[in-house]
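Chemist: Shown below is the structure under consideration.
The values are calculated or read from the model by the stated rules, or taken from the named source; none is laboratory data. Here the structure is a predicted model, which is why all the values come from computation and not from measurement. Note: ideal-geometry Cβ built from the backbone for every residue, glycine included; neighbour counts use all protein chains shown.
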């Protein structure tokens, strides 16, 4: 799914998720962007179960490829309802970054948020299937077969290893609290960096980052 947005900027945050935390971060980013007086960079944001890919609209140059496993939170901001933002771990260190984007309208901000939420869901379901297949192979190898056969059963195919990436790390974070994706308005490989809802809605997302199960619930209020 492709979205044409304007990149507002980035700021560091101390926690991987939180509505108040993200709102404060977005407020800082918007204020900094206004104060700079510079023209906002137009970007294309591509969302898939692999993550988020950012490219420059004019040059088509890759800005950043953010793995889905590094993203912990995304939101359509309450106050700045045309702003979409996500929090992700830096690919260079352990710091957490909040990146914000200006959308053409609030419905688009929500559409991007929900698309990322769906990407989490698909990625987590894929991981579940891969995990179950691995458990079956391990069980089969324990029940019988010669040593060579057992070794082959215990070794996932290269394609599976490439596709699942860091999914095995999810085992350690399965009991963590749910990550949140909020859309509170009236109507979701790596390189160095540079749809709509009616009513007030909240989308709870857990999956690749925070929980063993994925919950996508829309609560109108």
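Chemist: Pick out the one residue from 122, 129 that is at pLDDT 85 or above, over 25 Å from residue 16 (Cβ atoms) and not in a strand (DSSP E or B).
Modeler: Result: 129 is the single residue among 122, 129 that is at pLDDT 85 or above, over 25 Å from residue 16 (Cβ atoms) and not in a strand (DSSP E or B).
Chemist: Which numbered condition trips up residue 93, out of (1) out of contact with any helix residue (DSSP H, G or I) (no Cβ under 6 Å at 6 or more places or on another chain); (2) within 10 Å of residue 26 (Cα to Cα)?
Modeler: Status for residue 93: all satisfied but (2).
Chemist: Follow-up. Determine which member of the set 55, 104, 44 is out of contact with any helix residue (DSSP H, G or I) (no Cβ under 6 Å at 6 or more places or on another chain), crowded, with 16+ Cβ neighbours inside 10 Å and more than 21 Å from residue 11 (Cβ to Cβ).
Modeler: After applying the criteria, what remains is 55.
Chemist: Name every residue in segment 15-34 that is within 14 Å of residue 76 (Cα to Cα) and surrounded by fewer than 17 Cβ atoms within 10 Å (Cβ to Cβ), in order of residue number.
Modeler: Correct list: 19, 20, 24, 27.
Chemist: Scan segment 56-105 residue by residue and report those that are touching a strand residue (DSSP E or B) at 6+ places or on another chain (Cβ under 7 Å) and in a helix (DSSP H, G or I).
Modeler: 68, 70
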